[in-house]
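Take a look at the structure below.
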Amino acid sequence: MSPLQTGRPALAEGDAVAAADTRVSEQQGFAAWLRERDMQTLAIRGAALVILLYACVAVDGFGTVDNVKSLLQSVALIGIAAVGTAFVTISGNYFMLSVGATTAVSTIVFAKSLSLGLPLALVVTLGAGAVGGLVQGAAVGLLNTNPIVTTIAASSLVLGVGQIVSGGLTVNADSTSADVLNNTVFDVLPVRVLIFFAVALAAHALMQKTRFGREVRLTGSNREAAELAGLRVRRVIVLAFVLAAVAAALSGALLAAEASQGNLRLGATFDFDVIAAVLVGGVLVTGGRGSIIDAAFGAVFIGMVGNILIVSGQPYELQLVAKGAIVILSIALAALASRRRR
Amino acid sequence: MNIAKLARDNRASLLRIALLVALLVYFSANRAGFLDTGNLFSLMQAFALLGLVAFGLSVTMIAGEFDLSVGAMVAVAGIIAIKAGGSGAAAGLAVAVAFGLGVGILNGLLTVGLGVSSLVVTVGTQIMLTGLAYGLAGGQTVSYDNFQVAADVDQAILTVFSPRSLVAIGGGLLVWLLLRYTRMGRDIVATGSSRDAASAAGARTKLAVVVSFAISGTFAALAGGLLAFSLLSAAPTTGGDLLLQAVSAAILGGIALAGGIGGMPGVAVGALTLTALNNGLSYIGASDAAISISNGLLLLAVVTISAGGPARLAELARARIRRPATS
């Protein structure tokens with residue numbers, strides 16, 4: 001058999017595949033949609049659906065309106081912080097290990113400044129968060145410091161400042177002026193959940209539709225190439241950290257409004273939960289891949305598993321073990337998926 | 001060899017030692033008694049915890065990886081040592097150390113097996129270890145009534161040392177010997193310097209990563225178990241800020257985040273510097289907030305300098321001056 005002969009059928013086969021490709025994309029069908037998804041995000045959403053159905057049937061007290069409300073309530077704050085952190089992760093800078101500290105200190109800043117009225121208190125809290133994010137972003141983006149170590153250092157700095165501001169005490173707040181944040185719209189949708197949805201959608205649009213979003217993704221895929229191509233890499237990284245810190249601060253404000261106090265112990269588990277949400281959602285930890293909505297889904301998934309364990313009377317520690325296991329499982333899945341892509 | 005050349009070649013080491021000496025001088029000038037044997041003993045007791053954890057973490061960093069789970073390991077190992085030490089402290093410590101070794105190997109295997117960043121793997125194990133710590137302790141502080149073992153691990157040797165601090169020093173020494181004189185040590189350094197090149201040259205890169213995590217897990221567990229014996233108690237929240245301090249000690253000690261660079265003598269000086277800073281600040285009556293902030297600032301400064309921050313800052317400033325109108 002001559003090489004020419006073997007070449008021919010292969011070519012024809014390739015043509016057929018190409019033709020099939022255009023047909024599918026013309027149809028915009030389920031298969032095309034399926035192919036564009038990552039195995040991991042699909043697996044997570046599939047698993048979420050299965051667990052959801054299982055819990056509705058098998059776990060007493062899960063499928064009630066009250067429980068769904070409390071589930072969404074608990075997911076909302078982690079979700080807001082996770083959506084912000086996703087910018088840092090997608091930009092190729094892993095995580096912000098100062099998310100928990102930022103949230104905790106923001107509860108104090110919010111509780112302290114609530115006497116100025118709700119709008120001003122929000123401005124002060126988010127502004128303080130932005131300053132923290134700016135410092136970390138400047139270190140990582142302009143001075144090329146390691147993001148993990150930088151944010152570990154920032155966490156210590158932020159907590160130290162928080163201790164000075166609070167005097168190490170719980171700051172009680174008269175939260176009547178912040179009641180609007182604790183309300184429920186039409187008795188079903190808590191305001192906090194609406195804020196989560198709004199933040200997630202706005203962030204998703206920012207990521208998908210704007211030049212900044214594309215630059216974040218390209219910076220995460222290959223920072224040097226992005227720099228050579230003339231992208232505003234430094235500005236992008238600084239802004240990603242600012243967004244993440246502002247989101248964490250917003251979570252803190254909502255947390256303080258709920259608890260009517262500011263306390264450095266509030267939000268202590270946020271670091272874990274947010275990282276878990278981002279990873280489980282299918283945002284690639286080395287950057288460049290994943291979308292904001294993935295992180296939001298990850299938060300819902302983590303929150304749902306936690307909620308089921310609580311409702312079925314399991315202890316807190318089992319939740320942590322389950323979260324850790326889910327994180328490791330999902331990175332294993334991501335690793336397998338990326339091997340398949342290659 | 002003349003002294004000027006020796007000083008030039010070891011400039012970074014000399015700077016590190018100068019910083020440590022400067023801190024010691026500053027604190028003893030501020031409050032008498034800082035360098036008394038009593039306080040030197042408590043400095044070494046703090047070093048017993050931080051030094052051992054930092055030595056282990058440094059090995060993973062030299063191999064080009066990172067073990068985020070050391071803080072949680074210290075907490076859970078302390079609880080295990082007490083829980084399993086009902087019949088005898090030695091048995092409890094053995095169980096805790098075996099657990100640390102096992103989790104370390106698991107971290108290493110997951111990292112090389114999945115081919116993913118060890119940051120992510122160890123974030124996962126950190127969360128699980130914290131859960132395990134809460135589970136074992138029932139969310140409370142676990143106490144131990146073996147007063148003899150507390151007296152034993154903390155008895156003074158040569159006035160400033162104790163068995164605990166000697167274990168930390170011994171651990172550092174062992175790793176120093178491993179890295180310097182064994183094939184595995186050279187493999188670890190080569191793996192951190194350039195994994196592909198090391199692999200092509202026949203270094204056992206995967207084994208090197210697993211061994212480095214095994215050392216890190218074992219050292220953190222040993223430190224946690226001994227700490228629990230010394231305090232006669234252990235809590236799931238122990239070791240919260242230990243990760244920060246261990247990273248600081250490592251980087252301050254000249255370990256490069258990119259891997260392949262640095263050694264145990266530097267880490268020992270780094271850990272002593274951190275210990276002196278924290279002990280000194282509380283000795284002169286600084287608040288927790290001041291200690292927290294100074295730790296954060298120190299780490300931020302060190303990581304900025306080691307990333308070539310000042311040079312980069314100058315470069316950015318020059319670029320701005322050269323083209324003021326365009327940007």
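The values are calculated or read from the model by the stated rules, or taken from the named source; none is laboratory data. Note that the structure is a prediction, hence the values are computed from the model and not measured. Glycine also receives a Cβ, built like all others from the backbone with ideal geometry; neighbour counts cover every protein chain displayed.
Observations
- Scanning segment B:7-32 for residues that are touching a residue at least 60 places away in the same chain (Cβ under 8 Å) and in contact with a helix residue (DSSP H, G or I) (Cβ under 7 Å, 6 or more places away or on another chain) yields B:Ser13, B:Arg16, B:Ile17, B:Leu19, B:Leu20, B:Leu23, B:Leu24, B:Phe27, B:Arg31.
- Qualifying residue in segment B:192-206 (condition: under 27 Å from B:Asp152 (Cβ atoms) and surrounded by fewer than 23 Cβ atoms within 10 Å (Cβ to Cβ)): no
- Pair list, Cβ < 6 Å and 6+ apart or interchain, from segment B:209-228 residues that are closer than 16 Å to B:Ala91 by Cβ to residues that are of a type in the set (Lys, Arg) and in a helix (DSSP H, G or I): B:Leu226/B:Arg164
- Filtering segment A:150-179 to residues that are among the polar types (S, T, N, Q), in a helix (DSSP H, G or I) and either under 17 Å from A:Ser113 (Cβ atoms) or over 25 Å from the mean Cα position of the chain (by Cα) (or both) leaves A:Gln163, A:Ser166, A:Ser175, A:Thr176, A:Ser177.
- Hits in segment B:154-172 (condition: surrounded by 14 or more Cβ atoms within 10 Å (Cβ to Cβ) and part of a helix (DSSP H, G or I)): B:Pro163, B:Arg164, B:Ser165, B:Leu166, B:Val167, B:Ala168, B:Ile169, B:Gly171, B:Gly172
- Odd one out for B:Leu173 among (1) within 14 Å of another protein chain (Cβ to nearest Cβ); (2) modelled with pLDDT of 95 or more: (1)
- Residues considered: A:Ser156, A:Ser177, A:Ser251. Of these, the only one that is at pLDDT 95 or above and polar (S, T, N, Q) is A:Ser251.
- Checking each residue in segment A:98-140 for being surrounded by fewer than 24 Cβ atoms within 10 Å (Cβ to Cβ) and either touching a Phe, Trp or Tyr at 6+ places or on another chain (Cβ under 9 Å) or within 11 Å of chain B (Cβ to nearest Cβ) (or both) picks out A:Ala121, A:Leu122, A:Val124, A:Leu134, A:Val135, A:Ala138.
- Scanning segment A:289-329 for residues that are within 13 Å of chain B (Cβ to nearest Cβ), farther than 15 Å from A:Arg45 by Cα and of a type in the set (Val, Ile, Thr), we see that the one that is nearest to the chain's Cα centre (by Cα) is A:Ile328.
- Residue match in segment B:118-130 (condition: over 21 Å from B:Ile255 (Cα atoms) and away from every other protein chain (no Cβ under 13 Å)): no
- When residues of segment A:220-230 are limited to those that are touching a residue at least 12 places away in the same chain (Cβ under 8 Å) and within 14 Å of another protein chain (Cβ to nearest Cβ), the one surrounded by the fewest Cβ atoms within 10 Å (Cβ to Cβ): A:Arg223
- Residue in segment B:236-259 that is away from every other protein chain (no Cβ under 14 Å), surrounded by fewer than 24 Cβ atoms within 10 Å (Cβ to Cβ) and part of a helix (DSSP H, G or I) present: no
- Residues of segment B:79-117 satisfying the condition of being touching a Ser or Thr at 6+ places or on another chain (Cβ under 7 Å) and at the interface with another protein chain (Cβ under 9 Å from one of its Cβ atoms): B:Ser117
- Test for B:Ala72: is it in contact (Cβ under 8 Å) with a residue 24 or more places away in the chain, surrounded by 23 or more Cβ atoms within 10 Å (Cβ to Cβ) and more than 27 Å from B:Val302 (Cα to Cα): no
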